[in-house]
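Written below as structure tokens is the structure these notes are about.
The values are calculated or read from the model by the stated rules, or taken from the named source; none is laboratory data. Please read all numbers here as calculations on a predicted model, not as lab measurements. FYI the Cβ positions are ideal-geometry reconstructions off the backbone, even for glycines, and counts take in every protein chain you see.
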């Protein structure tokens, strides 16, 4: 009986210590941000990892870069499409710099031509895990 | 008697005066001559010193010019690329690479062939049909994809532009599971 009590106390104590250690490890994991796809009027943004890991089956970012042109495609959680095309060499370079963990922002005019492209690669962007 | 002695004293005085005058003149003349000689010697020395100075100046100028010429030669040598070695083709290639870095040729604007022109027209018709009904038929989409792949980059860019405009305006839905390109 006494042994059982001692064993229970030890188990509970060990679990508590493990929980504290886990929490402290999580607390020191660094800043993380979730950036789901957002499609506005003439602009869109989002993280590739966040789109990929989202619980809905709609969020989507696709950057198609070919010789001489690129197409930036965004679809948000509601299925709303937004995108732009470009033939500008600087924007083509940016399109090619996008990686799995990138955050991409695009703006366009009424003709669907990209007017601004931002590609960010930060430690706080969510990498695709699924 | 006294009257008789006076001319004698007078003559002696004159003689004495003459002697003193001659002596003084001699002394002064000697001084002048020696002064002239020393002045002459000094001017000769000055001339020698001047000549030496001129020689030194000329030497300095020559040395300066030589130095300038050497510096100019060094600059020219630095500016010139290493001379190519004709006995080694690799060395020549390296030298050429230094002077003119090898760059990939700029892609020339590709003119579409007659088949590509026809393919582009057909792809455009498929796109218009999809826009009219607001979505892709499976058969149209697969035909569009096949045509799209055979087109030039420029033709593809134009089709993608039209596709994107139609989708931005909500005239054509986009299915990520079956993208048109």
(message) Consider the range A:65-77. How many of its residues are surrounded by fewer than 23 Cβ atoms within 10 Å (Cβ to Cβ) and either in contact with a helix residue (DSSP H, G or I) (Cβ under 7 Å, 6 or more places away or on another chain) or facing chain B (nearest Cβ under 7 Å) (or both)?
(response) 5
(request) Within the range B:132-148, track down each residue that is surrounded by fewer than 20 Cβ atoms within 10 Å (Cβ to Cβ) and within 11 Å of chain A (Cβ to nearest Cβ). (result) none
(request) May I ask you to verify whether residue A:111 is modelled with pLDDT of 95 or more, in a loop (DSSP other than H, G, I, E, B) and out of contact with any helix residue (DSSP H, G or I) (no Cβ under 6 Å at 6 or more places or on another chain)? (result) yes
(message) Give me the residue from the range B:165-176 that is modelled with pLDDT under 90 and within 9 Å of chain A (Cβ to nearest Cβ) and, out of that set, farthest from residue A:114 (Cα to Cα).
(response) B:176
(request) Could you please let me know if residue B:126 is within 14 Å of another protein chain (Cβ to nearest Cβ) and either assigned to a helix (DSSP H, G or I) or more than 58 Å from the chain's Cα centre (by Cα) (or both)? (result) no
(request) Find all pairs meeting these conditions: Cβ atoms under 8 angstrom apart; at least six residues apart or on different chains; first residue within the range A:94-113 and more than 14 Å from every other protein chain (Cβ to nearest Cβ) and without any contact (Cβ under 8 Å) to a residue 60 or more places away in the chain; second residue crowded, with 22+ Cβ neighbours inside 10 Å and assigned to a loop (DSSP other than H, G, I, E, B). (result) none
(request) Run down B:91, B:109 and say which single residue is away from chain A (no Cβ under 14 Å) and modelled with pLDDT under 95. (result) B:91
(request) Collect the residues in the range A:78-93 that are closer than 19 Å to residue A:60 by Cβ and more than 13 Å from every other protein chain (Cβ to nearest Cβ), keeping them in residue-number order. (result) none
(message) Quick check on the range A:36-58: of everything there that is at pLDDT below 95 and assigned to a loop (DSSP other than H, G, I, E, B), which residue is farthest from the other protein chains (Cβ to nearest Cβ)?
(response) A:55
(request) Answer yes or no as to whether residue A:37 is touching a helix residue (DSSP H, G or I) at 6+ places or on another chain (Cβ under 9 Å) and without any contact (Cβ under 8 Å) to a residue 40 or more places away in the chain. (result) no
